[in-house]
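Just below is one structure, and these are the notes that go with it.
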Amino acid sequence: MSAVDLKEAEIVEPAQCELSKAFYAQRAAFNANSNPTYHERLSRLKRLKSAIEKYEHELIEAMSADFGHRSPHESGMLDIILSIGDIKENIRHLKGWMKPRRGGTRIHLLPARTKIHPQPLGVAGIIAPWNFPVYLAITGASVALAAGNRVMIKPSELTPKTSELMAKAIAEFFDPLELTVINGDAEVGRTFSALPFDHILFTGSTSVGRHVAMAAAKNLTPVTLELGGKSPAIVTPSGKVAHAAEKIVYGKMVNAGQICVSPDYAMLPRKKIDDFIEVVKKTATKFYPSLAQNQDYTSIITDRHYQRLTGMIDDAREKGATVIQINPGDEQSDQLHRKIPLTLVINPTDNMQVMREEIFGPILPVIAYDELDQAINHINAGDRPLALYIFSHSSAERDKVLRGTISGGVTVNDTLWHVANDTLPFGGVGASGMGAYHGKAGFDTFSKLKPVFYQSGINAIPLFYPPYGSVIETVGKVVRKII
């Protein structure tokens, strides 16, 4: 029995058979064409774009149905337009990314030359979450296809209508040997992550990410983990409160805060706290003067997540925090249908759930500090965040925070938008993730950057051959000086 047969024997059980068949069919197709041409890759990217464009409106409706209600404008911008934008960026740069790259050659090896050849890895697995069910599936698939891989997508079971529609759209434009969508429950997800992919991209919670990494490790499958954590927004002493409050409110309320890079909590100089609270109230009221029937405000995805968030609020209140809910229409919870008003938790303590867990909803702890170093130390005392937001009009203060903290990515004087700039690598660090993708970084993530050394017909390498004697000693002295 071959190694491949052994692997198949290990995973082919009744509940796993179809997944296994899909995977090994893609593996065989890749082996038959392991380095697709530019035009083949371009065709795949164009078809992916066409699939999203054809089903755009249906996808927006499906996302809203899955959430209970989701702002169609947010779905259109953040799931559809960003997906199409990523595909177009990959198309624009595909030919250049595919070309062999110049490598450096050390002086003692001249006149040899080196190049780095990007090469597809094989079959890539994309495990996408529910909060941006289209974008976080398509952007990973797009860059993996650009790199020349076959791709399998496992969407979230919490957005079943969107996942089924995405499967339909992909099946219309793709042979399943190129790209396919695998739907199913959490058990299917566990089986999916245990397949011997050549690379897995997982976006989701840190706890699930650990399980994915452990399953992948059994196959020595490399993983890119895009997780989350508590991403802070720091207003430095020079920062303008009105500007910061507006940007933080937007970042916290878009998609009802169900974003892995949403500002998790805000830190301000103590003397600016009261002004910040007042501006936050005015801004939230301006953005969302009502909530229940407001088409712009999104519901919490499930009852379980709703109860988790309301439990956080109750926990903070019971433990003595000042809790301020910004509910301009004074609507009752039974009217809101899983919509939670922006809720401020002022000066929370470390034993409160809002400071121990990633919030992933429209709750904003507000923490006072006396010296900027206190804020930096507070961030560094916890896990490294996926995102960091700095509001400052002092380059010295800004650079102090940048130098003093480690995070996945940073936006200065705004929130969220470093992620939308798909020319930047996007990824976490430590508990917020590992690896990066988007743009060229994503192409490289899903490629083997194979180094190739081209030896010249005339070279000095024979000087290193045995038998050794005075010549090699002299050569060694020369090399020691020039390397």
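The values are calculated or read from the model by the stated rules, or taken from the named source; none is laboratory data. All values reported here derive from a predicted model rather than from experimental measurement. Cβ sites come from the backbone with ideal geometry, for glycine too, and all protein chains shown count toward neighbours.
Considering the conditions (1) in contact (Cβ under 8 Å) with a residue 40 or more places away in the chain; (2) farther than 22 Å from R270 by Cβ; (3) not in a helix (DSSP H, G or I), L220 is excluded by exactly one of them, (1).
Applying the selection to segment 225-250, what residues are buried (at least 24 other Cβ atoms within 10 Å of the Cβ) and not in a strand (DSSP E or B)? Explain how you work it out, then say what you get.
Restricting attention to segment 225-250, the residues satisfying the condition of being buried (at least 24 other Cβ atoms within 10 Å of the Cβ) are 225-229, 231-235, 244-245, 248-249.
Selection gives L227, G228, G229, S231, A244, A245, I248, V249.
Being surrounded by fewer than 16 Cβ atoms within 10 Å (Cβ to Cβ) and within 26 Å of I301 (Cα to Cα) is a description that does not apply to E172. Exactly one residue out of D330, D314 is in a helix (DSSP H, G or I), over 18 Å from S71 (Cβ atoms) and either over 30 Å from the mean Cα position of the chain (by Cα) or outside the structural domain of V279 (by TED's automatic domain parsing) (or both), and it is D314.
For segment 59-146, which fully contained strands (runs of 3 or more DSSP E) count at least 1 residues that are more than 29 Å from H305 (Cα to Cα) and free of Cβ contacts under 8 Å to residues at least 40 places away in the same chain?
On the way: elements: 101-103, 113-120, 123-127.
Counting at least 1 such residues, we get 101-103.
Pairing each residue of segment 354-378 that is of a type in the set (D, E, K, R) and assigned to a strand (DSSP E or B) with any residue that is at pLDDT below 95 and surrounded by 17 or more Cβ atoms within 10 Å (Cβ to Cβ), provided the two are 6+ apart or on different chains, yields no C-beta distance under 7 Å. Criterion first (of a type outside the set (D, E, K, R), touching a strand residue (DSSP E or B) at 6+ places or on another chain (Cβ under 6 Å) and not in a loop (DSSP other than H, G, I, E, B)) does I277 satisfy it? In short, no. The set of residues in segment 413-461 being among the β-branched types (V, I, T) and surrounded by fewer than 14 Cβ atoms within 10 Å (Cβ to Cβ) consists of T423, V452, I458, I461. Does S50 count as assigned to a helix (DSSP H, G or I) and within 18 Å of E178 (Cβ to Cβ)? Taking the combined requirement at face value, the residue satisfies it. Here M267, M253 are screened, and the one residue that is in a strand (DSSP E or B), touching a residue at least 60 places away in the same chain (Cβ under 8 Å), in contact with a strand residue (DSSP E or B) (Cβ under 7 Å, 6 or more places away or on another chain) and under 30 Å from L291 (Cβ atoms) is M267. Scanning segment 436-458 for residues that are among the aliphatic types (A, V, I, L, M) and touching a strand residue (DSSP E or B) at 6+ places or on another chain (Cβ under 8 Å) yields A436, A441, L449, V452. Just wondering, is there one or more residues in segment 382-404 that are closer than 23 Å to G257 by Cα, β-branched (V, I, T) and surrounded by fewer than 23 Cβ atoms within 10 Å (Cβ to Cβ)? Checking segment 382-404: not a single residue is closer than 23 Å to G257 by Cα, β-branched (V, I, T) and surrounded by fewer than 23 Cβ atoms within 10 Å (Cβ to Cβ). Do we have any residue at all in segment 252-259 that's under 10 Å from G361 (Cα atoms), buried (at least 20 other Cβ atoms within 10 Å of the Cβ) and among the β-branched types (V, I, T)? Among the residues of segment 252-259, at least one is under 10 Å from G361 (Cα atoms), buried (at least 20 other Cβ atoms within 10 Å of the Cβ) and among the β-branched types (V, I, T), which makes the answer yes. Checking the stated criteria, I340 turns out to be of a type in the set (A, V, I, L, M, F, W, C), part of a loop (DSSP other than H, G, I, E, B), in contact with a helix residue (DSSP H, G or I) (Cβ under 8 Å, 6 or more places away or on another chain) and surrounded by 13 or more Cβ atoms within 10 Å (Cβ to Cβ).
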